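Written out below as structure tokens is the structure these notes cover.
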Amino acid sequence: MNWGKQGILNSTILTLSLTVTLAGCSSSTSPTPSEGTKLESGAPSGVGLEPITLSYFSEDPSTNWNNMKDEVGKVITEKTGVTLNAEFAVGDPVQKISLIAATGDYPDLIAAKADVGKLVDAGAIIDLTDLIDKYAPHIKKMLGDKLVRTKYSLDDPSIYAIPTWSSVDEKKLKADGGFELQHRVVKEAGYPEIHTVQDFEKVIQNYLTKHPTDENGNKNIGLSLNADDWHMYQVTNSGFQTTGGPDDGEYFIDQKTYQATYHFRRPEEKEYFRWLNHMNNVGLLDPESFIQKTDQFKAKVATGRVLGLADPEWDYGDGQNALKAAGKFDQTYGHYPVTLSKDYKDTSFWPAGFDGGYGISISSKCKDPVRAIQFLDFLASEEGQILNNWGIEGKHYTVENGKRTIIPAVQERMNNEIAAFQKESGVGLYWNIMVHYGDGIKDSTGNYFTRNYPELLTATYSEPEKEALKAYKAEHWKNLFPSEEEFQPRAYGAAYTMSLPSDDLAVILGAKMKDITWKRIPEAVLSKPEDFDKIWDAYMAELEKSGVKEMEAAYTKHIQSRIKLWSTK
């Protein structure tokens, strides 16, 4: 399951709701922009500017949050009158959401993920349909005919969340997943072809043989995993990612029948985890992978001793940023499309289309739902989008001959002092609180909304990174991966964004399967190779005994219902 893309990378869900009737919002036919489309600017009319503080809880961390005292945050408050009193989950975010739902202690704004159903069941969040229709012209314009994808279900077509996870009309330009290798490692290997787990392993093994320790005598580490609490999903996601499956959370969805299978039950995934078992057996897997905490994992990455990763950039990014700040650019990472064998295709760029499942919600106890929706609508405006992505004109960027350009000194800080710069400036810090246009979309001035466009992306690369890309005859890391055009769009989006009622059979049984899986996967990976099959067979038997087939059948119905819901007008 993709839990973050921008830290979560990234996935903050704030669900705005108000118990009102479903109105003309869903009939909006305003087009959403495609590549090169120009949009009109302007802040929402009638926005109140009286100072107001809204409490806000997010399931996702925000390491650089500065209580809106950053430069962008101050402008947002100036434009809207809103300041957020924010709390971010520590430990298991699902437990916190359950506690919020159970106690009735609801903050004004709540960012939940797939367990938003718990908040719906508790009456903790409101239907936003009328609020959007009356007070959110920019949100309506941006979503256009995609607004139907924000509806909760066929049985309950309310809008409980403003989507903040999926970008509108995005043509993703930046690779931030796959498997990662330090630039110095591939350079010493002569920049070989890296497509399979065997290729990945060989490069690491050869480097470790020559360089078993760093300059201080500390052991270098082949591959380290972050399995701390929900980060376990990043470990297990590699099972489907290396065997041709798109990110549909804990399921593999047949693209013809739309039948759901708990993805661990696929025989090919067993072989991926057998490879991890092998990596452990030959000493290339970090022995602390399943016991280290996230902070320890990031600190380990920051030492430069971890040669390889199988982790999204938002998860290890703090450690990499520390390396950049220390000038150790050859110990930062490139992205490679690693699969179990050449029989499979990396699916990192398999498009899901626009997903409306994750987002920001307004609670039933919000002190001022209208101000809350107007605040979110400002963030959806052209001014709000440019402010979050680019910062403040004259301070962070200039406009010359109609072209928006990051000030060179600012660009250098963005490259080398990412954490400190973001905390001070706020640039990019509000991504998970806003519905947003994706990469490749232009604003009314003909400039791109986001900074992820080819020319500017190139400006972020260090010399070792440029050297590696040149060696692979690639302009960007994305060029190494199969492109979007090689896949058929998924009719249901990304399955993991579906929000289900807490008493749903798929949810109840899913919790059981998770407990079994999170126990059995580490056991299988860390076992003696001769015991792997026995442990895996016991794992499969335990899943069946616990109702995995019933869970799959229940989830299949939800997938098919979503397809039907999204086809309605």
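Computed over all pairs of different Cα atoms, the Kirkwood value for the hydrodynamic radius of the range 411-569 is 21.1 Å. If you model the chain as an ellipsoid using its alpha carbon gyration tensor, with each semi-axis the square root of five times an eigenvalue, the axes come out at 36, 30, 21 Å, biggest first. Strictly over 18 Å apart at the Cα level, which of LYS151/LYS564; LYS187/LYS470; LYS328/LYS466; LYS151/LYS365 would you flag in this model? Too far apart for the 18 Å limit: LYS151/LYS365.
Using a cutoff of 8 angstrom between alpha carbon atoms and counting only pairs six or more residues apart, the relative contact order for the range 495-566 works out to 41 percent. Amide hydrogen proximity for GLN259: with H placed 1.01 Å from N in the peptide plane, the residues at 5 or more positions away or on another chain lying under 5 Å are ASP254. Each Lys or Arg adds one and each Asp or Glu takes one away; over the other residues whose Cβ falls under 11 Å from the Cβ of PRO157, this sums to -2.
On the principal axes of its alpha carbon atoms, the range 441-500 extends 46, 33, 22 Å, with the longest extent given first. Counting only Cα atoms, the size of the range 495-566 along its three principal axes is 48, 20, 17 Å, in decreasing order. The residue among PHE532, TRP518, TYR496 whose Cα reaches farthest toward the positive pole of the charge dipole of the range 495-566, with charges on the beta-carbon of Lys, Arg, Asp and Glu, is TYR496.
Residues whose amide H lies under 5 Å from that of TYR437, counting only those 5 or more places away or on a different chain, are VAL168; hydrogens are built 1.01 Å from N in the peptide plane.
Out of every Cα-Cα pair that the range 129-280 contains, those further apart than 27 angstrom amount to 48 percent.
Once the Cα-Cα distance is subtracted from the 0.36 nm per residue extended length, the ASN206 to LYS466 segment shows a gain of 91.3 nm. Here the contact order of the range 356-457, divided by its residue count and restricted to Cα pairs under 8 Å and six or more residues apart, works out to 27 percent. Every pair of different Cα atoms in the range 285-407 enters the Kirkwood calculation, which places the hydrodynamic radius at 19.3 Å.
In this structure, the pairs whose alpha-carbon distance is over 32 Å, taken from LYS79/LYS324; LYS171/LYS519; LYS174/LYS202, are LYS79/LYS324; LYS171/LYS519.
Ordering of 245-258, 493-506, 117-130 by packing is 117-130, 493-506, 245-258, highest average first (other Cβ atoms within 10 Å, averaged per residue). The Cα center of the range 67-102 and the Cα center of the range 219-263 differ in position by 29 Å. Sequence-distant contacts, meaning Cα pairs under 8 Å at least 6 residues apart, place the relative contact order of the chain at 26 percent. If the cut-off is 24 Å between C-alpha atoms, which lysines fall inside it for LYS512, apart from same-chain ones fewer than 8 positions away? Answer for LYS512, where 24 Å is the Cα cut-off: LYS96, LYS113, LYS118, LYS270, LYS293, LYS534, LYS545, LYS549, LYS557, listed by chain and number.
Within the range 518-560, the proportion of C-alpha pairs whose separation exceeds 18 Å stands at 42%. Remark: the chain carries a charge dipole of roughly 400 debye about the Cα centre, counting +1 on each Lys and Arg Cβ and -1 on each Asp and Glu Cβ. Over the range 381-424, the alpha carbon radius of gyration divided by the compact-protein estimate 2.2 N^0.38 Å works out to 1.17. What does the charge count near ALA322 come to, summing +1 for each Lys or Arg and -1 for each Asp or Glu among other residues with Cβ under 9 Å from its Cβ? In short, +2.
Local charge for THR556 was computed over the other residues whose Cβ lies under 15 Å away, with Lys and Arg +1 and Asp and Glu -1, and equals +1.
None of the figures in this text is laboratory data; all of them are computed from the coordinates on show. Source: prediction; values computed, not measured. Note that we place each Cβ from the backbone using ideal geometry, even for glycine, and neighbour counts take in every protein chain shown.
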